[in-house]
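Read the structure below first, then the notes.
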2 protein chains.
Amino acid sequence: MTNPHPPPSSSSSSSTSFLLSSVDSSNPSDHLEDMRFGRFVIPKASIFSRTALSAAFVNLRPIVPGHVLIMPQRIVPLMADLTTEEYTDMWLLVRQVQGMLQRHYNATAFNVAVQDGRAAGQSVPHVHVHILPRTKGDFQRNDDIYEALEEWAPRIDMVKERTSIDVPDDKDRVDRTLDMMAEEAATYRRLLEQSTR
Amino acid sequence: MTNPHPPPSSSSSSSTSFLLSSVDSSNPSDHLEDMRFGRFVIPKASIFSRTALSAAFVNLRPIVPGHVLIMPQRIVPLMADLTTEEYTDMWLLVRQVQGMLQRHYNATAFNVAVQDGRAAGQSVPHVHVHILPRTKGDFQRNDDIYEALEEWAPRIDMVKERTSIDVPDDKDRVDRTLDMMAEEAATYRRLLEQSTR
């Protein structure tokens, strides 16, 4: 797999970061440095974990308390652009952070979501996993959190694009026949076998 | 980690499966067998990939063409209940299936989402990852797909529970100060360091 976007070797040198403190080894954040999230600069003070290939940071506009983001360090728009090592590293960091948030917020549940590409509502063309701690009754309608997620953008001055075509009404969606499902599964099975040969 | 829900050794013996064909080695689906998805039985014809620990299956009520589910074979409600091996295996299967769907549907994007627990909208207490191929303009408003996802349940006769409390209006959500963000990140950093010590 080619790497069209090598990681920036000096991410903070020309940044708009507000935090330019000198390194202080007594401060646990000082092994961190400012990082790029697409065209944005994430100041190191907002970053709370960094692995070999990924990072976790807090949100300018969290939808719920504890709403954080996990990203690969390399700036690529889609998960398919990640190497398997980057992909696995990112999901293992999601797991670790989710455990920490569960304990800290006594969360009973989480929404874990990736808008993988612009047509899926991605606001910044840099892979990122949303982690949203949930507790019973935190949203009036459960799907309101998705509407909030859709409106989420790193800054309030960013306008989200809207796309077009009708969504079928829920009452018009009916269970499919098992034959239809079997046929679809057979197609996927064949395609997967071809791709892994 | 304990395993309160060992995998069923004979998942189809007392199932409501409609497919009880004998094994035919010429049929590539015949190395598969019916599997449990919570209290449901997924007939083997609906399953299109099975790894050591996970499985991929088509949907009775897809929201978009190619909307499929990935689950661990073991019946556990939350991702935190999975072993690291099960978790990693599941996400690697998500990656492989996503690549196949991307090629098959010429998808330009994907929503990849986990409702991890009941308070997050989970309809079946068995971990599952939704993979939803997207193309530009497939939904009138992009977040309609989330509403459809929220309404998704394995069967149309399942009633989804609603939760309560207000979601803040988007205009009332403002960018936070960097001090607030730095403080939150420092808390998480400390908690992570404690948990990995």
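Numbers below:
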{"quantity": "Within the stretch B:42-59, tally of residues that are of a type outside the set (Val, Ile, Thr), more than 14 Å from the chain's Cα centre (by Cα) and either within 18 Å of A:Asp179 (Cα to Cα) or crowded, with 24+ Cβ neighbours inside 10 Å (or both)", "calculated": "6"}
{"quantity": "Yes/no for A:Met90 being assigned to a helix (DSSP H, G or I) and either in contact with a Pro (Cβ under 8 Å, 6 or more places away or on another chain) or β-branched (Val, Ile, Thr) (or both)", "calculated": "yes"}
{"quantity": "Scan of the stretch B:59-74 for residues that are of a type in the set (A, V, I, L, M) and at pLDDT 95 or above, ordered by number", "calculated": "B:Val68, B:Leu69, B:Ile70, B:Met71"}
{"quantity": "Residue within the stretch B:108-117 that is among the charged types (D, E, K, R), touching a helix residue (DSSP H, G or I) at 6+ places or on another chain (Cβ under 8 Å) and modelled with pLDDT under 95 present", "calculated": "no"}
{"quantity": "The stretch A:71-98, residues that are farther than 21 Å from A:Asn111 by Cα, of a type in the set (A, V, I, L, M, F, W, C) and in contact with a Leu (Cβ under 9 Å, 6 or more places away or on another chain)", "calculated": "A:Val76, A:Leu82"}
{"quantity": "Filter result (over 12 Å from the mean Cα position of the chain (by Cα) and either surrounded by fewer than 22 Cβ atoms within 10 Å (Cβ to Cβ) or outside any helix (DSSP H, G or I) (or both)) within the stretch A:102-132", "calculated": "A:Gln102, A:Arg103, A:His104, A:Tyr105, A:Asn106, A:Ala107, A:Thr108, A:Ala109, A:Phe110, A:Arg118"}
{"quantity": "Some residue of the stretch B:166-189 being in a helix (DSSP H, G or I) and modelled with pLDDT of 90 or more", "calculated": "yes"}
{"quantity": "Matching residues in the stretch A:115-137 - criterion: being in contact with a Lys or Arg (Cβ under 8 Å, 6 or more places away or on another chain) and within 7 Å of another protein chain (Cβ to nearest Cβ)", "calculated": "A:Gly117, A:Arg118, A:Ala119, A:Ala120, A:Gly121, A:Lys136"}
{"quantity": "Residue list for the stretch B:125-147, restricted to those being modelled with pLDDT under 85 and either farther than 16 Å from B:Val112 by Cβ or out of contact with any strand residue (DSSP E or B) (no Cβ under 9 Å at 6 or more places or on another chain) (or both)", "calculated": "B:Lys136, B:Gly137, B:Asp138, B:Phe139, B:Gln140, B:Arg141, B:Asp143, B:Asp144, B:Glu147"}
{"quantity": "In the stretch A:80-94, residue nearest to B:Thr83 (Cα to Cα) [restricted to those that are facing chain B (nearest Cβ under 7 Å) and crowded, with 20+ Cβ neighbours inside 10 Å]", "calculated": "A:Trp91"}
{"quantity": "Residue within the stretch A:25-33 that is touching a His at 6+ places or on another chain (Cβ under 9 Å), at pLDDT below 95, more than 7 Å from chain B (Cβ to nearest Cβ) and over 30 Å from B:Thr83 (Cβ atoms) present", "calculated": "yes"}
{"quantity": "Subset of the stretch B:44-79 [within 7 Å of another protein chain (Cβ to nearest Cβ) and in a loop (DSSP other than H, G, I, E, B)]", "calculated": "B:Val58, B:Leu60, B:Arg61"}
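The values are calculated or read from the model by the stated rules, or taken from the named source; none is laboratory data. Remember, it's a predicted structure, so these values are computed and weren't measured experimentally. Neighbour counts run over all protein chains shown; Cβ positions are idealised from the backbone, glycine included.
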